[in-house]
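Following: one structure in structure tokens, then a few remarks.
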Amino acid sequence: MSVPFLDLSAAYRELQTEIDAAVARSLASGYYIGGPEVEAFEGEFARYCGAEHAIGVANGLDALHLALRAMDVGPGDEVIVPSNTYIATWLAVSQCGATPVPVEPDARTYNIDPTRIESAITSRTKVILPVHLYGQPADMDAILPIARKYSLRVLEDAAQAHGARYKGTRLGCHGDMVAWSFYPGKNLGAMGDGGAITTSDAQLADRIGVLRNYGSRVKYVNEIKGYNSRLDPLQAAILRVKLAHLDEWNARRSGIAARYQQGLTGSGLTLPFVPIWAEPAWHLYVVQHPRRDALQNALARSGVGTLIHYPIAPHLQQAYASAGFVKGQFPLAERIANQCLSLPIGPQLNEASLDAVVTAVKALA
């Protein structure tokens, strides 16, 4: 049996009638920039997240970048970031002319370790930027008091955590702002790029709305030097359909994760650890294995698709060579990058395919 890591076409087929109708509705509306589909999605997503405002933008990186810009992050500033995350978290800081300051993770959850944050704060620190990595919430009740103590803003990167709950409350407005990606493979994925920012701060929401639209709220009147970063109405229409199914699809992901936890215990893999207060969205199911590459190759030969999220820690990427980081400087991030492996967990993964993955992993790990 061949089991792909993720089958996006299967997700489309499940909702094809609804998605096709939404696309046709959007095309017939005559609104191809902004308009009712975008406004409706923004309202629905804000309510889903428990936030007062949602502002659609072009992609997840723009969501992070514009949120930082709205917080007046610029040259000379520092932003606390996880040492292990997708590089977009760091790039958003760099795009502002600011400096990403890495902090190592909790080795069990892979999320930023709150006990290490305070020692990384300097007089130039402006924002703490935790990532809800792999769909598991970071420990916000440990992070927010540190931010308040030093009068810092908190921007959450929730690109992988649509629908995740922290201590019973959905992610969406624990910090000052939350940045989202709707990349096609996300739990709430568009059919192209898309992103959003949620917040309950009206001033920040207003500033994002201006920044995303050339620095303008009135046509041809430009208040600030802004950007062109707007959520496409076609994508908004598709996202409205998928949002209605998000909880159901997340429940399927949770069931798959539970099956992995049960079936792979004792297999020699390091399995995900979930704190009692976390309800992950299970965007990814990430294991660790000391011979990860050999395991991945063996699984591929047996027909099981896997991915590595992410094979190179940001501080060792060529893009950050000029920052002076050296190998071994962030050993936890490097170990995770060298040993992590993501197993299939898409909501369309059927029982037979799931059983095949468990059987193959147990045999080859």
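The values are calculated or read from the model by the stated rules, or taken from the named source; none is laboratory data. All of these numbers come straight from a predicted model, not from anything done at the bench. Backbone-built Cβ (ideal geometry, glycine too); neighbour counts: all protein chains shown. Ligands, DNA and RNA are excluded from the accessible area calculation, which covers all protein heavy atoms including side chains. Shrake-Rupley method; radii C 1.70, N 1.55, O 1.52, S 1.80 Å.
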Checklist entry - How about residue 225: which lysines have a C-alpha closer than 23 Å to its C-alpha, ignoring those fewer than 8 places off in the same chain? => result 126
Next on the checklist: Give me the net charge for the shell around residue 237: Cβ to Cβ below 13 angstrom, other residues only, Lys and Arg +1, Asp and Glu -1.
Outcome noted: -4
Checklist entry - Placing +1 at every Lys and Arg Cβ and -1 at every Asp and Glu Cβ, with all other atoms neutral, what dipole size does region 218-284 have around its Cα centre, in debye to the nearest 20? => result 200 debye
Checklist entry - What accessible area per residue comes out for region 22-112, rounded to a whole number of Å², with a 1.4 Å probe? => result 35 Å²
Checklist entry - At residue 298 and residue 222, where each label point lies 7 Å from the Cα along Cα→Cβ, what is the point-to-point distance in nanometres? => result 5.9 nm
Next on the checklist: Tell me the mean residue ellipticity at 222 nm calculated for the chain from its helices only (DSSP H runs of n ≥ 4, each -39500 (n - 2.57), averaged over every residue, nearest 500).
Outcome noted: -11500 deg cm²/dmol
Checklist entry - Looking at region 106-179, what % of its DSSP beta bridges pair antiparallel, to the nearest 5? => result 25 percent
Checklist outcome for this item: In the chain the accessible area split gives carbon plus sulfur, as whole percent at 1.4 Å, a share of 52 percent
Checklist entry - Mean separation of Cα pairs under 8 Å and 6+ residues apart, divided by the residue count of the chain: what relative contact order is that in percent? => result 23 percent
Checklist entry - Could you give P(r) for region 58-136, binned at 5 Å from zero, as whole percent values over all Cα-Cα pairs? => result 3, 17, 28, 23, 18, 8, 2
Checklist outcome for this item: For the chain, percent of DSSP beta bridges that are antiparallel (nearest 5) comes out at 60 percent
Checklist entry - Counting other Cβ atoms within 10 Å, which GluC sites (Glu not before Pro) in region 7-59 have at most 12 and lie in a DSSP loop? => result none
Item to check | Projected-area mean, region 106-158, by convex hull of Cα positions, square nanometres | outcome: 3.5 nm²
Checklist entry - So, in Å, what gap is there between the alpha-carbon centers of region 112-158 and region 25-66? => result 27 Å
Checklist entry - Given +1 on the Cβ of Lys and Arg, -1 on the Cβ of Asp and Glu, and no further charges, what dipole in debye does the chain carry about its Cα centre, rounded to the nearest 20? => result 460 debye
Next on the checklist: Looking at the chain as a GNM with Cα springs under 10 Å, which of 288, 262, 160 has the largest mean-square fluctuation?
Outcome noted: 262
Checklist entry - Of the residues 231, 271, 188, which exhibits the maximal mean-square fluctuation in a Gaussian network model of the chain defined by a 10 Å Cα contact cut-off? => result 271
Checklist entry - Arranged from highest to lowest average of other beta-carbon atoms within 10 Å per residue, in what order do the peptides 289-295, 81-87 appear? => result 81-87, 289-295
Checklist entry - Counting only the heavy atoms of the protein chains, how much of residue 149 is accessible to a 1.4 Å probe, in Å² to the nearest 10? => result 130 Å²
Item to check | Convex hull volume per residue in cubic angstrom - Cα atoms of region 278-319 | outcome: 136 Å³
